[in-house]
Amino acid sequence: MRLSRAFLPTLKETPAEAQIASHRLMLRAGMIRQTSAGIYAWLPLGWRVLQKVEQIVREEQDAAGAQEILMPTIQTADLWRQSGRYDAYGPEMLRLKDRHDRDMLYGPTNEEMVTEIFRTYAKSYRDLPRNLYHIQWKFRDEVRPRFGVMRGREFLMKDAYSFDLDHAGAVRSYRQMFVAYLRTFARMGLKAIPMQADTGPIGGNLSHEFLILAETGESQVFLHKDLLDFDVLSQAVDYDGDLSPIVDFWTSRYAATDEKHDEAAWNAIPEADRVSARGIEIGHIFYFGTKYSAPMGLQVSGPDGKMVTPEMGSYGIGVSRLVGAIIEANHDENGIRWPEAVAPFKAVVINLKTGDAATDAMAEKIYGVFGQDAVYDDRDDRAGVKFADADLMGYPWQAIIGPRGAAAGKVELKRRATGERVELSLEDAIARIKGG
Ligand code: P5A
């Protein structure tokens, strides 16, 4: 994308309403635009990142055996009356009426809807286990939307729902999602830690929240320091095999949010091994048995011909929140430092003297190699402006080309994450960017 023709609007001033770094940077880098309280339009840069995050989530859900569907945002209240949650959900639910005066709502989550869909088709134990997920906008009329996309009213969630024949099967599905979550967040460069958690309006008695540590996090968390050193991506995962080597590591060490904090268990840990910090919740998984399947009449015939009520779990990831969380974990005073896996563009090509034939030719050449994966700063602007924007937007690589370098066949390559700069030939610079 050529910046001279792109819609990538940056703000010079720090927006006063933004209290945390990720919110400030998302506004300044022109990633999002608030359209009303807690509701955002995603502008080109933000939208690209959101799609990259979404794609990693999708790949790991698919790898774990879940199947993607897409359910609507608007639901009928009747579904929620079947589970008994229509009245219980309270003012966080956005309630609507259609022209026939029927009660509708903008979905805050989809347990009821997916149960109804599954109920229509699942007839026997051979239809189990199954796990269905979608990535869809949700609406929760939060009392205090804040911190930009971190706590929005409209937000993008990945929600998966598992159906199993019995408790043992449901625990297995739960563990598959547990491991898939660890891998998903690790691929985004995040150290997410599963912690014992409350279940709130979703219900059930087994639940983990996945949090990353960040000073601006909304939760207080307590954990054993071993948990910060586990590298899940180096382990081969067979989702049909035994997941206990991974799951047991996490569940055998203390980690809890303040809602579930147990002082006695905490005090039993040697003081040097205790970490207490703030955390951002990026995912939450639940096992709730027959809480929805029973009242909604989901039953299948078991192997012995008797009817069985399937056991369920649900598994959420805050896809839009993740964009903010990744920035909280990857920024400095100049701007964002995108991890390669979610960067909106891999590189920016900075032309320091547009109109200079040799400089233009070299810049075009390197831009041509990366095409849609790179931004070309071909604006007729000062070098300082281009450098500042490049740091703010946080592209992992900056290929800087000026008349002196172009004459010598050299590119200055800057790595945003470390600030390291090297002068390289065009070929070597391209190879370095490709290599990551
Ligand atoms: C699990 C999937 C559920 O709703 N039902 C379907 C279950 N869980 S949850 O914990 O309530 O939400 C899942 C994740 O969504 C993100 N999230 C939000 N993101 C931005 N703004 C919000 N207001 C918001 N509320 C929840 C969180 O990451 C949460 O873990």
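Some notes on this structure:
- Helix 44-63 vs. the chain, principal-axis angle (Cα, 0 to 90°, nearest 10): 50
- Per-peptide average of other Cβ atoms within 10 Å, ordering 117-126, 348-357 highest first: 348-357, 117-126
- Residues of type lysines that Lys306 reaches as a straight line, Cα spacing below 19 Å, ignoring anything fewer than 8 places off in the same chain: Lys123
- Amide H partners (placed H, <5 Å) of Glu68, local residues excluded: Tyr133
- Loop-resident sites, the range 38-138, for GluC sites (Glu not before Pro), counting at most 11 other Cβ within 10 Å (DSSP): none
- Computed from backbone phi with θ = phi - 60° and the Karplus coefficients 6.51, -1.76 and 1.60, the 3J(HN,Hα) list for the range 70-82 is 9, 9, x, 7, 8, 10, 8, 4, 4, 4, 6, 6, 5 Hz; x is used for glycine and proline.
- Integer Hz, Karplus 6.51/-1.76/1.60 couplings in order for the range 309-318, x for Gly and Pro: 8, x, 9, 10, x, 9, 9, x, 10, x
- Cα gyration tensor category, rounded, prolate or oblate, for the range 36-140 with a/c compared to 1.5: oblate
- Among beta bridges identified by DSSP and lying wholly in the range 176-304, the antiparallel ones come to about 95 percent.
- Whether the chain is rounded, prolate or oblate, judged on the alpha carbon gyration tensor where a/c under 1.5 counts as rounded: prolate
- Sorted on the mean count of surrounding Cβ atoms within 10 Å across their residues, most packed first, peptides 230-239, 396-405 read 396-405, 230-239.
- Sequence-distant lysines (8 or more away, or on other chains) whose Cα lies within less than 20 Å of Lys353: Lys365, Lys386, Lys410, Lys414
- When only Cα pairs below 8 angstrom with a gap of at least 6 residues are kept, the chain shows a relative contact order of 17 percent.
- Residues of type lysines that Lys158 reaches as a straight line, Cα spacing below 16 Å, ignoring anything fewer than 8 places off in the same chain: Lys52, Lys138
- DSSP bridge analysis restricted to the chain gives an antiparallel fraction near 85%, rounded to the nearest 5.
- The range 102-195: C-alpha gyration tensor shape, a/c 1.5 cut-off, then a/b vs b/c: oblate
- Most to least packed among 172-183, 23-34, 272-283 [average Cβ atoms within 10 Å]: 172-183, 23-34, 272-283
Each value in this text was obtained by applying a stated rule to the coordinates, not by laboratory testing. Please read all numbers here as calculations on a predicted model, not as lab measurements. Note that we place each Cβ from the backbone using ideal geometry, even for glycine, and neighbour counts take in every protein chain shown.
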